[in-house]
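These notes are about the structure you will find just below.
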Amino acid sequence: MRPGQPMLPAAAGLLFLLSGLSLTSGCNKALCASDVSKCLIQELCQCRPSDGNCSCCKECMLCLGNLWEECCDCVGMCNPKNYSDTPATSKSTVEELHRPIPSLFRALTEGDAPINMMVVTFPIAEELSHHENLVSFLESLDTHPQNVSLPSNSIHASYDTQENMCTVVYFDDCVSIRQCKLYCESMGGSKYRWFHNACCQCIGPECVDYGSKAVKCMNCLF
């Protein structure tokens, strides 16, 4: 670009919209910035539904893909999220992986933790504690029919020792839900938990439930 040449309108608009990300209180910049930038460069999210113009809504949604629900407010497509009532760290998405490789997961989590990851091990009984509370509640009811079978407590008793442990892996940085699934598959994990603040947890084969509900990603805690 020659000195004094005016900036192209598209580039100027992109810089303006990107700067606006920091002004949008509900926008998850750590998670959304990269994909939002891509969609803005392609000019796929330029319309404003709040002004009655939704001509680009479908294209913008397809561009953001799995991040639409988390990032639509960053491009002005939906109302800003209020994280003060329901923090992103209190919500998560879980999924079982179809082809776990237990031996690979154990090999990668034994000894020193890999770079940019943290390995956490805890008793499986902690995973099952909420199930125990449910059983206790149901058994306290006098009105349930006698032919209703309640979950057995025997499984909890069998895991009530330090010998039965659940191992999970947290990635230090924020990642998208798609990246989280791919990373956990590449480690041979059995399941994954993706917190809505973009913290990713890969869950090992010994875990009975979906790992820990605590966010422990070093660079992605809020």
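Just a few scattered comments:
- Of the candidates C71, C78, the single residue that is assigned to a loop (DSSP other than H, G, I, E, B), in contact with a helix residue (DSSP H, G or I) (Cβ under 8 Å, 6 or more places away or on another chain) and either over 26 Å from S186 (Cβ atoms) or at pLDDT 75 or above (or both) is C78.
- Residue check for C60: at pLDDT 90 or above, open to solvent by less than 20 Å² (accessible area, probe 1.4 Å) and either farther than 23 Å from N219 by Cα or of a type in the set (A, V, I, L, M, F, W, C) (or both): yes
- Picking from residues in region 94-116 that are touching a strand residue (DSSP E or B) at 6+ places or on another chain (Cβ under 9 Å) and open to solvent by less than 50 Å² (accessible area, probe 1.4 Å), the one that is modelled with the lowest pLDDT is P114.
- First in region 57-74 and acidic (D, E), second anywhere and open to solvent by 20 Å² or more (accessible area, probe 1.4 Å), Cβ under 6 Å, 6 or more apart: E59/L44; E70/N28; D73/P80; D73/K81
- Among the residues making up region 182-195, a single one is touching a Phe, Trp or Tyr at 6+ places or on another chain (Cβ under 9 Å), open to solvent by 60 Å² or more (accessible area, probe 1.4 Å) and not hydroxyl-bearing (S, T, Y): E185.
The values are calculated or read from the model by the stated rules, or taken from the named source; none is laboratory data. Source: prediction; values computed, not measured. Here the Cβ is made from the backbone with ideal geometry for all residues, glycine too, and neighbour counts use every protein chain on show. The accessibility values were calculated without ligands, DNA or RNA, using every heavy atom of the protein model including side chains. Shrake-Rupley method; radii C 1.70, N 1.55, O 1.52, S 1.80 Å.
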